[in-house]
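Input: a single structure, listed below in structure tokens.
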Amino acid sequence: MEELLSTFNFLSLYRTPDFLKNMGNSDRLQLLIELLQSNPSEQHWKAVCEVFASWSENEEKRKALDLANQRLSSWNIDLRYLPSSWKYLYNNGQLSSIAKIVRSIGIYGREENGNRLLKIIVCSPYSENLYSLIINKSEIYTDGLRELFASNYLQNISTLAFEVVTFSEEETSKLFSATNLPKLTTLIIREIGLNTKRIVILLQSRLIQQIEHLDLSNNLLNDKSVFLLSFSSMLLNLKYLNLTGNYIRDEGAKALANSTTLSNLKELNISQNHITKTGKDILCQSILLNKTKIIL
């Protein structure tokens with residue numbers, strides 16, 4: 001408990017260290033109810049997590065987690081986030097029951113633990129309620145991706161993000177051929193070295209057909225890449241497309257302006273590319289994109 005007291009900064013805002021050191025399950029439940037009745041905030045969310053981190057696994061904790069899930073359903077889902085580095089997210093090398101109330105987990109930092117933690121997370125039934133998984137600047141290997149795309153516990157994932165992660169072509173193919181993510185609608189593939197060859201792989205996948213928000217920013221995409229995206233029948237459901245920070249020129253802008261398959265786009269971000277005023281004018285005057293917000 002001494003270790004918990006030194007780590008838990010948020011519960012100390014509500015109770016004295018002496019109380020926290022000696023509280024029993026009934027005390028935890030009362031404190032939990034108090035927090036759940038408070039206005040939703042990051043501070044209250046972290047305090048809720050700390051309540052469960054100090055709670056041994058038992059039937060009372062299970063019921064309390066169910067109660068928390070019910071009360072938290074009215075909170076902004078983005079508040080219910082934890083980083084994979086929080087040690088109380090795990091118990092004896094497995095994902096802890098706290099994950100039942102978590103909706104988003106982020107794996108950050110270039111460390112060997114990234115791949116190990118990814119496997120722990122996606123192989124646990126406690127991940128069934130996750131809606132978002134973010135992997136950023138973390139060393140992820142083929143075996144970790146294999147577990148991710150074979151998991152039976154990610155049916156509710158709607159957002160999957162890979163940022164500054166190195167993928168081989170084989171791993172890219174595995175990503176785009178995933179069939180275990182039926183609710184995935186937002187795919188973020190940012191700064192991973194995505195090029196035209198890998199765009200071809202993407203557009204041959206079934207997964208891409210269900211995507212509504214696609215972020216391909218800060219990659220190696222050029223005019224040919226954009227031509228393929230602009231005339232692919234696999235992107236009919238796409239509503240948001242982010243192509244910021246690539247190597248797109250006027251020919252790519254012209255392809256987007258003449259696209260008949262991207263006519264459902266609500267927003268197109270093509271800023272920080274190599275498009276001249278001519279290319280920008282072509283985009284802005286496009287009849288096919290006249291209902292699209294274009295960010296230049």
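Just so it is clear, none of the values below were taken in a lab; they were calculated from the coordinates. Note that the coordinates shown come from a computational prediction; the quantities given were computed from them, not determined experimentally. Every residue, glycine as well, gets a Cβ built from its backbone with ideal geometry; the counts of neighbours run over all protein chains shown.
The radius of gyration of the Cα set in the stretch 51-142, together with its Dmax, comes out at 13.3, 39 angstrom. Taking a ≥ b ≥ c as the square roots of the eigenvalues of the Cα gyration tensor of the stretch 56-106, is the shape rounded (a/c under 1.5), prolate (a/b larger than b/c) or oblate? Taking the square roots of the gyration eigenvalues as a ≥ b ≥ c, the stretch 56-106 is oblate. Size descriptor for the stretch 174-275, Kirkwood hydrodynamic radius: 13.4 Å (Cα pairs only, one decimal).
What number, in percent, do you get for the relative contact order of the chain if the mean sequence gap of Cα pairs under 8 Å and at least 6 apart is divided by its residue count? It would help to have the intermediate numbers written out before the result.
Numbers: 553 pairs, mean separation 26.3, N = 296.
Answer for the chain is 9 percent.
Note: relative contact order over the stretch 1-76, using C-alpha pairs below 8 Å and six or more positions apart, is 34 percent. Using every pair of distinct Cα positions in the stretch 1-76, the Kirkwood expression returns a hydrodynamic radius of 12.5 angstrom.
Karplus-derived 3J(HN,Hα) values for the stretch 148-164, using 6.51 cos²θ - 1.76 cosθ + 1.60 with θ = phi - 60°, are 4, 8, 10, 5, 9, 10, 10, 5, 9, 5, 10, 10, 10, 10, 10, 10, 6 Hz; glycine and proline are entered as x. How big is the gap, in Å, between the Cα center of the stretch 232-255 and the Cα center of the stretch 45-88? Going from one Cα centre to the other spans 40 Å.
Counted over the chain with a bin width of 10 Å, the fraction of Cα pairs per bin, in whole percents, is 6, 25, 27, 20, 14, 7, 2, 0.
Computed over the stretch 48-133, relative contact order equals 28 percent, with contacts defined as Cα pairs under 8 Å that lie 6+ residues apart. Ranked for footprinting exposure by Cβ neighbours inside 10 Å, fewest first, Thr16, Thr244 give Thr16, Thr244.
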